[in-house]
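Read the structure below first, then the notes.
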Amino acid sequence: MSDPFPVRSAVPVLDVWCELQCPDCRVALDDVRALRARYGDRLELRLRHFPLEKHKYSFAAAQAAEEALEQGRGWEFVEAVLGRVAELDRAGEPFLVEVARELGLDAEEFDTALIDGRHILIVDADQAEGKAIGVSGTPTYVIDGERLDGGKSQDGLRERIEQIVDRLLAGQE
């Protein structure tokens, strides 16, 4: 059900449409880190899932990221997996559980979450919303209603995002 009076976030929100088996998303990770470092809690970065069919483990990785988020270490997990995309390509779902273990997360719960599919609806909803707004590849960013496609090139995207965030933050003062 849609709320007729949606609550606006106190800070600008950057939706990051990502796929954890995507080499372009691995490259984009530096920009995401820089944005997190520059803005801290003045910018909300939301991971949005857009698993691509061409990557065999992308749907499982999205579910695993949701489990990591539930256990309080979502972005750390995302960064760890994206930093080792080639290992995910080779090892598949056991690699996701291993990363969870390395980060001190409850690896057994991760394994169970991948089996019981408790996060499938979140991933499906993100993917459906992404398709509805025109996301066709990853990474794609959406901020203040503007969609920025990083799938072909990251060149200039962080600067554009910073311009938008700076304008939004200035408007809050």
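The values are calculated or read from the model by the stated rules, or taken from the named source; none is laboratory data. Nothing here was measured: the structure is a model prediction, and the numbers come from that model. Don't worry about glycine lacking a Cβ; one is built from the backbone with ideal geometry, like all the others, and counts go over all protein chains shown. SASA here: full protein model, heavy atoms, side chains in, ligands and nucleic acids out. Shrake-Rupley method; radii C 1.70, N 1.55, O 1.52, S 1.80 Å.
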- Pairing the Cα long axis of helix 23-39 with the longest principal axis of the chain, what angle in degrees results, from 0 to 90 and rounded to the nearest 10? 50 degrees
- Taking the Cα centre of the chain as origin, work out the dipole magnitude from +1 charges on Lys and Arg Cβ and -1 charges on Asp and Glu Cβ, in debye rounded to 20. 500 debye
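What accessible area per residue, rounded to a whole number of Å², is obtained for region 34-87 using a probe radius of 1.4 Å?
46 Å²
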- Pseudo-spin-label distance Ala128 to Ala34, built 7 Å along Cα→Cβ, given in nm, is 3.6 nm
- Query: Between region 32-49 and region 76-103, how many Å separate their Cα centres?
  - Reply: 21 Å
- Rounded to the nearest 0.05, what FRET efficiency do Thr112 and Gln154 have when you use their Cβ-Cβ distance and R0 = 35 Å? 0.45
- Message: As I understand it, the value is the acute angle between the Cα axis of helix 93-102 and the longest principal axis of the Cα atoms of the chain; what does it come to in degrees, rounded to 10?
- Response: 70 degrees
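Restricting things to alpha carbons, find the Rg to Rh ratio for region 79-173 using the Kirkwood radius for Rh.
1.07
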- Query: Just in region 1-109: which GluC sites (Glu not before Pro) are loop by DSSP and have at most 13 other Cβ atoms within 10 Å?
  - Reply: Glu53
- Task: Report Rg (one decimal) and Dmax (nearest whole number) for region 48-121, counting Cα atoms only, units Å.
- Result: 10.8, 30
- Item | Degrees between helix 157-172 axis and first principal axis of the chain (Cα, 0 to 90, nearest 10) | 60 degrees
- Note on the structure: Semi-axes in Å, largest first, for the chain (Cα gyration tensor, √(5λ)) are 27, 18, 16
- List every residue whose amide H lies under 5 Å from the amide H of Leu14, counting only residues 5 or more places away in sequence or on a different chain, with H placed 1.01 Å from N in the peptide plane. Glu44, Leu45, Arg46
